[in-house]
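Peer 1: Please read through the structure below; I'll follow up with questions.
The values are calculated or read from the model by the stated rules, or taken from the named source; none is laboratory data. Keep in mind that this is a model prediction, so the values were computed, not measured. As a convention, Cβ positions derive from the backbone with ideal geometry for all residues, glycine included, and neighbour counts pool all protein chains shown. We work out accessible area using only protein heavy atoms, side chains counted, and drop any ligands, DNA or RNA first. Shrake-Rupley method; radii C 1.70, N 1.55, O 1.52, S 1.80 Å.
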Amino acid sequence: MKADDSCRWAQVIVDIPHRDIDRPFTYRIPDTFGHSVLPGCEVWVPFQQRTLRGWVLDVHDQPPENRGHFSNIEAFHPGYRLGEDLLALVPWLAREVLGTMADVLRLMAPPGPSLKPAKWVKLSESIGKEQIDLWQGIDPECGQLLQRLFRAPRKQMKFSSLVEKSKKTSPSLERLLEAGLVELVQRLPPFRFPEEKDVESSEGTPSMIEPALNQEQVAAVQAIIADLEKSHRDKKPFLLHGVTGSGKTEIYIQAAKKALAMGRQVLFLVPEIALTPQMGRRLRERFGSDVLLLHSGLTEKVRRSHWYRISRGEASLVIGPRSAVFAPVPNLGLIIVDEEHEPSYHQENDLKYHAREVAIERARHCGALVIIGSATPAIETYDKAMEGSYRILRLTERAQGQPMPVVDIVDMRAELTEGNRGMLSASMLQAIEERLRRREQTILYLNRRGFSTFVICRECGTVITCPHCSISLVYHRAGDQMHCHYCNFRRDVPRQCPQCASKTIRYFGAGTQRVEEELQARFPGVPVLRMDRDVAAEEGIEPVLEEFGREEAPILVGTQMIAKGLDFPKVTLVGVLAADASLHVSDFRAVERTYQLLSQVSGRAGRANRSGQVILQTYCPEHYCLQAVQNHNYEGFFQREIEIRQQLGYPPFSRLARILFTGTEDSLVRMVADTWTEIIREHARKSSIPLDIWGPAPAPVAKVEDKYRWMLTVRLSQRDNEPLRTILSNVRQDYDSRRGRPLPVIATITMDP
Ligand code: ADP
Ligand code: ZN
Ligand code: ZN
């Protein structure tokens, strides 16, 4: 045996679920592993009497300061090693989302089950033939075991097969172990790279068709290429702000070509799994088959195979939804985040990371450029751009100069005065009739977000809001009351409008089926396609859209399911019913989301050479959001919205955190939420950091799968959320240390909900 000083030591994050043990442990790297164990390696280590998976953060040649006894790393995964850029994200992201480093590393590991090491028995190196013969004489059973090990490849055998096949019980093995003639080792099963045929690669012939870019596009591409060519590492991200149909994808493609030509790879993030294959096809037409998809809609086998191919640098372009931001691309030169404003980039399940923010941080560590693109950037994004954190590239016109659709706003209060109690206004019906005559198509879109939950006066459009939070109250059928989901304020539904005393106050309610019925009554015999959650569950979305694409029906009625990615050249009319419904969702982002949604659906009208019309039906026609949609005026919208955010102290001027408590016993969940509230107050007082605390209140969905949910919202009135994070992580530790027996209530913290 060599002296300890010639060995190497590794700092390992062990894959344990406990929050309390979030730090690296030191292990010895056995000489036999040579220099194969490096930072980013997946390893197996002994931990509290078990063998657990872990990842190497760091390797040292010097023995650790505190030279005690260190266990050996037992095995390492030979098939991959996380890149430095990913490793650098680990402590940062763990802190950002208040998770552990193991939580983050799990996101970066290959998809599917991890390798499991098995126990092997190894003949000690010093044992020769003569010694075995000697043993044969003294103890035949032991001698036989030694014989078999001696003949086995590399003089080792799986523990289970050695014991089983020899039909010997373990005592003889025990004796050999004690005598130091054999040793137990953990070994991973032999690793072979999974090879699975790529489901889509058959379409991989690049085509030559490349549109000549318009002036704005040329300018954008030039700016991007110039930056890619520069050698500096800390590249400021570009925000590509281009109206719908302005040809943003063409810009991404040209940027990607440049990065590839420079020998770097490209990561292309799309907001949803459903959009991945679509974008995949489009990019394969231009780049050929070394485009690989990575998303959970693929079978595990395909996903694993893609993952390892990517990690070996065999894909030049990787496309996927938010989780693909951790794709093991080895030499990343460019990250594209398309539709950066989409909420789906914010992980809703376990670790609440935001893929856009992770992309930007990752790029810093590998010197990649980031382009985030949108027609309707998130308010926070545009604010950062104004502040100078991003460079803006603008595409103000559609790619071939097609006009933006004409947007008309219809005041539904006036319809009511004229005796129309239906869902479709007179002008909407007239516009549909015109399309039927001209053999063009219509999409009617029912804005269902926050549907039938807010209470509105049909006379004057007043919406009942919380007196403390400037947020609309949500109607709950149970108890026939309205609740504030931020502060738990409650009240009965008023008999008459507090503004105009009208008695027509009621909660909003109607559905796609009713629209369908009204259409059939008005246009008998005209086929109408419907797409909502019921239809989607029964028939799926694709068949209905295909039918509509084949022009088998002139009208499609649907919910927000039909908002994204549709491109039907014959559609010249898009009608939005209840355009304002989502304005009143109890969320400070409600207006922003409405603007984004309405712009997106408006973008569906008049995509080809026919010009488009959009009709927005609403009870609040003068709302700045609808006005801005009508005028295609994002900047104007942004200015109004940012002013209001500032007045009300909402992000980006403040930072929020939401803590969700879940458990099977309502009173217990409530109690834990109250305790947390108390501890947060204490910590805020101690550190003199003024926090606003709203709640605890029942979550918007107060019970899910028999688990009760309470919510606490905390606001820090400044842009930097570091103090908020520090307080919350201290509060969690404090809570964990105070409680005696752990209570069956889970607290999940979401930063920037
Ligand atoms: P966006 O992503 O901005 O909504 P797309 O990139 O999808 O827009 O472009 C819209 C359409 O215009 C696509 O069919 C695209 O092929 C086409 N297009 C883009 N740029 C040009 C151009 N310079 N000349 C002609 N057509 C273009
Ligand atoms: Zn009123
Ligand atoms: Zn309130």
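Peer 1: Relative to the first principal axis of the alpha-carbon coordinates of the chain, what is the inclination of helix 590-602, with its axis defined by its Cα atoms, in degrees from 0 to 90 and to the nearest 10?
Peer 2: Taking Cα atoms only, the helix is inclined about 80 degrees.
Peer 1: Could you do me a favour and compute the accessible area per residue for the chain, 1.4 Å probe, result in Å²?
Peer 2: Numbers: 34030 Å² over 753 residues.
With the other protein chains kept in place, the chain gives 45 Å² per residue.
Peer 1: Rounded to the nearest 10 degrees, what's the angle between the helix 512-522 long axis and the longest principal axis of the chain, both from Cα atoms, 0 to 90?
Peer 2: Helix 512-522 sits roughly 30 degrees off the main axis of the chain.
Peer 1: Could you sort out which of Lys197/Lys258; Lys119/Lys352; Lys119/Lys301; Lys158/Lys301 sit more than 31 Å apart by Cα distance in this structure? Present the calculation step by step, with values, prior to reporting the outcome.
Peer 2: On the way: Lys197/Lys258 28 Å; Lys119/Lys352 37 Å; Lys119/Lys301 26 Å; Lys158/Lys301 27 Å.
Check vs 31 Å cut-off fails for Lys119/Lys352.
Peer 1: Over 24 Å between C-alpha atoms is what I'm after, so list which of Lys248/Lys384; Lys384/Lys686; Lys503/Lys703 land there.
Peer 2: Pairs exceeding the cut-off: Lys384/Lys686; Lys503/Lys703.
Peer 1: Under 20 Å from a label point 7 Å along Cα→Cβ of Phe150: give me every residue in the stretch 170-184 with its amide N that close.
Peer 2: Correct set: 172-184.
Peer 1: Let me ask you something else. When 1/r is averaged over all different Cα pairs and the result inverted, which Kirkwood radius in Å belongs to the chain?
Peer 2: Working: mean 1/r = 0.0336 Å⁻¹.
The Cα-based Kirkwood calculation yields 29.8 Å.
Peer 1: Sticking with this structure for a sec: Could you give the distance between the Cα centres of the stretch 49-82 and the stretch 114-191, to the whole Å?
Peer 2: Centre-to-centre distance over Cα atoms comes out at 25 Å.
Peer 1: Further, regarding this structure: Where the accessible area of the chain is counted over protein heavy atoms with a 1.4 Å probe, how much of it, in %, is carbon and sulfur?
Peer 2: Numbers: 16550 of 34030 Å².
Carbon-and-sulfur percentage of accessible area, whole number: 49.
Peer 1: Continuing with this model, one more query. What is the set of long-range amide H partners of Val576 at a cut-off below 5 Å, with H atoms built 1.01 Å from backbone N?
Peer 2: Counting only residues 5 or more places away or on other chains, the set is Tyr445, Ile615, Leu616, Gln617.
Peer 1: A further question follows. Got a sec? Charge dipole of the stretch 409-448, +1 on Cβ for Lys and Arg, -1 for Asp and Glu; which of Ala414, Leu429, Ile443 is way out at the positive end?
Peer 2: After comparing all options, I get Ile443.
Peer 1: For labels at Glu125 and Asp58 in the simple 7 Å Cα→Cβ model, what's the distance in nm?
Peer 2: The modelled label-to-label distance comes out at 3.0 nm.
Peer 1: Now for a separate question. About the Cα centre of the chain, what is the dipole size in debye to 20, counting +1 per Lys and Arg Cβ and -1 per Asp and Glu Cβ, all else neutral? Present the calculation step by step, with values, prior to reporting the outcome.
Peer 2: Working: 98 positive and 95 negative charges, 184 e Å.
Taking the Cα centre of the chain as origin, the dipole is about 880 debye.
Peer 1: Find out how many positive minus negative residues lie around Glu641, taking Lys and Arg as positive, Asp and Glu as negative, among other residues whose Cβ is under 12 Å from that of Glu641.
Peer 2: Neighbour charge sum, excluding Glu641 itself: -1.
Peer 1: Once the other residues with Cβ under 13 Å from the Cβ of Leu269 are scored (Lys, Arg +1; Asp, Glu -1), what is the net sum? Can you show the working numbers first?
Peer 2: On the way: positive: Arg322, Arg356, Arg362; negative: Glu272, Asp338, Glu339, Glu340, Glu342, Glu357.
It works out to a net charge of -3.
Peer 1: What's the extension gain from Asp492 to Arg19 if we count 0.36 nm per residue and subtract their Cα-Cα distance? Walk me through the numbers on the way to the answer.
Peer 2: Numbers: separation 473, 0.36 × 473 = 170.28 nm, distance 4.30 nm.
Result: 166.0 nm gained on full extension.
Peer 1: Another one. Can you give the local net charge around Pro494? Use residues other than it whose beta-carbon is closer than 14 angstrom to its beta-carbon, Lys and Arg +1, Asp and Glu -1. Don't skip to the end; give the middle numbers.
Peer 2: Details: positive: Arg458, Arg490, Arg491, Arg495, Lys503, Arg506; negative: Glu459, Asp480, Asp492.
Summing Lys and Arg as +1 and Asp and Glu as -1 gives +3.
Peer 1: Follow-up question, since we're still on this one. Given all pairs of different Cα atoms, what value in angstroms does the Kirkwood hydrodynamic radius of the stretch 234-371 take?
Peer 2: On the way: mean 1/r = 0.0671 Å⁻¹.
Hydrodynamic radius (Kirkwood, Cα pairs) of the stretch 234-371 is 14.9 Å.
Peer 1: Right, another one. Scan the chain and hand back the longest stretch that contains none of the GluC sites (Glu not before Pro) lying in DSSP loops with at most 11 other Cβ atoms within 10 Å.
Peer 2: Details: sites that count: Glu65, Glu125, Glu195, Glu348, Glu418, Glu552, Glu622, Glu705.
The longest such stretch corresponds to 196-347.
Peer 1: If you place +1 on the Cβ of every Lys and Arg, -1 on the Cβ of every Asp and Glu, and leave all else neutral, what size is the dipole of the stretch 579-691 about its Cα centre, to the nearest 20 Debye?
Peer 2: 380
Peer 1: Could you work out how far helix 300-311 tilts from the main Cα principal axis of the chain, as a 0 to 90 degree angle to the nearest 10?
Peer 2: In the chain, helix 300-311 runs at an angle near 80 degrees to the longest axis.
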